[in-house]
Every structure is written in structure tokens, then in C-alpha cells.
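The values are calculated or read from the model by the stated rules, or taken from the named source; none is laboratory data. Just so we're clear, the structure is a prediction, and the values are computed from it rather than from any experiment. Here the Cβ is made from the backbone with ideal geometry for all residues, glycine too, and neighbour counts use every protein chain on show.
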Amino acid sequence: MELETEWIDEFDRQDEPYCSLYKAAQDTISAIYLYVNRENELFHSRQEPLSTENGTLRKAVLVDALKRNRIYAGIKYRPLSLLRYDIGVGPDSVCRFVQEPETQGKLVSEASIEDMSWRPAAPCLQQVNCLYVVFMEVWDAGGRKTKRIRLRRKRGARRTRSKPLKDS
């Protein structure tokens, strides 16, 4: 006795054009590094894919990426802010996203370097999800350091004071 599976194959063929609209967890996140100089001018950007596990970017991967990209053209930079853009659009809200794209995405400023999660999204829109890292140039404050004050004794001066003699 053989089971009839033609109807399943027909359903799969009809459903194939819509597979790119079903929600799925992301395998990679695009990290965009923005470099700001001393005059607060954005002068360079670079992009790199970071691997995720089930839509979650692990702290170790993020710290490694920050260490790799903190030096540009021989100048050291420090991370100023981490901005996570998350768009979680599935087949039920694609029409609403096309009509009102600004209501679907969330730009979140991360307060600390921890694991970051992105909502599942349609594969055709997953490239919109990204992480922005703003690097600020590190420079020496120069004359703003606290000056050390040294107390010096005059030559021949004693450390302790002797008691005056009493007249008896």
C-alpha cells in the first residue's frame, strides 16, 4: 500500500514563492562601525558581518569585534555607543511595513556590552537588521592632568619642633 503525496508536493510548489516572507532567526548581523574624530566629525565607516546563534549576538563575539576594529589608521578609538536596529516583520505585517516603514523598526541604544537579541524577521528583510558602533578618537588631555605638589623642607630644618625651655 502506497501513500499518495502528490498534494503535498503541489502545496510545496505553490508555497515556494512565499518562503522568503516567513519569519526566521538570523544567522548573521551586519555590524557598521562609524569613526568620529576630535572635531566630532564622522569621517569613516566600515561594515562587517558578525555571526549569531539563533538571532542572538554573543558577548564574546561582540568584544572580539570591538577589539579588532578599535584601531584605524594607527589611531586608537573607544566605543562611544552601541545602537541596535531591530525589524521584526513577518508575513502578517508586510503590507503594514510597506505602507508605514518607520513604525516597524526599533533603534535601541544599548547601555552595556552584553548578549544582544534580534526578533525573527522575514529573510528578505533581515539585511535591514544591524548593529551600529560609534567609535570616538582617544586623545591625551595634555595640561588637564592633576599637578603633583611636592612639599620641601629647607636645609637644616628639623622635622619636629623642640619645646621651649621654661624659666624657673
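Hey, can you tell me all the residues within the stretch 1-50 that are within 22 Å of Arg78 (Cβ to Cβ), aliphatic (A, V, I, L, M) and loosely packed, with under 12 Cβ neighbours inside 10 Å?
Leu42
With respect to Leu62, determine if the residue is out of contact with any Phe, Trp or Tyr (no Cβ under 6 Å at 6 or more places or on another chain) and under 24 Å from Pro120 (Cα atoms).
Numbers: out of contact with any Phe, Trp or Tyr (no Cβ under 6 Å at 6 or more places or on another chain): yes; under 24 Å from Pro120 (Cα atoms): yes.
Judged against the criteria, Leu62 is a match.
Across the stretch 113-168, which residue is modelled with the highest pLDDT among those that are part of a loop (DSSP other than H, G, I, E, B), over 25 Å from Glu41 (Cα atoms) and of a type in the set (Gly, Ala, Ser)?
Ala122
Determine which member of the set Asn40, Asn54, Asn69 is at positive phi, in contact (Cβ under 8 Å) with a residue 24 or more places away in the chain and within 21 Å of the chain's Cα centre (by Cα). Quick ask: steps written out before the conclusion?
Values: Asn40 fails: in contact (Cβ under 8 Å) with a residue 24 or more places away in the chain; Asn69 fails: at positive phi.
Going through Asn40, Asn54, Asn69 in turn, the sole match is Asn54.
Quick check on the stretch 79-100: of everything there that is of a type in the set (D, E, K, R) and surrounded by 11 or more Cβ atoms within 10 Å (Cβ to Cβ), which residue is farthest from Cys130 (Cα to Cα)?
So in the stretch 79-100, the residues of a type in the set (D, E, K, R) come out as 84, 86, 92, 96, 100.
Okay, now just the ones that are also surrounded by 11 or more Cβ atoms within 10 Å (Cβ to Cβ), so 84, 86, 96.
On the way: Arg84: 6, Asp86: 7, Arg96: 21 Å.
Among those residues, the one meeting the criterion is Arg96.
Of all residues in the stretch 54-78, which are part of a strand (DSSP E or B) and exposed (fewer than 13 other Cβ atoms within 10 Å of the Cβ)? Walk me through it before giving the result.
Within the stretch 54-78, the subset part of a strand (DSSP E or B) is 56-57, 71-72, 75-78.
Residues satisfying the conditions are Ile71, Lys76, Arg78.
Starting from residues that are assigned to a loop (DSSP other than H, G, I, E, B) and among the polar types (S, T, N, Q), keep the ones in the stretch 21-37 and report whichever is nearest to Ile87 (Cα to Cα).
As a first pass, look at the stretch 21-37 and keep what is assigned to a loop (DSSP other than H, G, I, E, B): 22-23, 25-27, 37.
With the extra rule that they be among the polar types (S, T, N, Q), the set shrinks to 26, 37.
Working: Gln26: 11, Asn37: 30 Å.
Result: Gln26.
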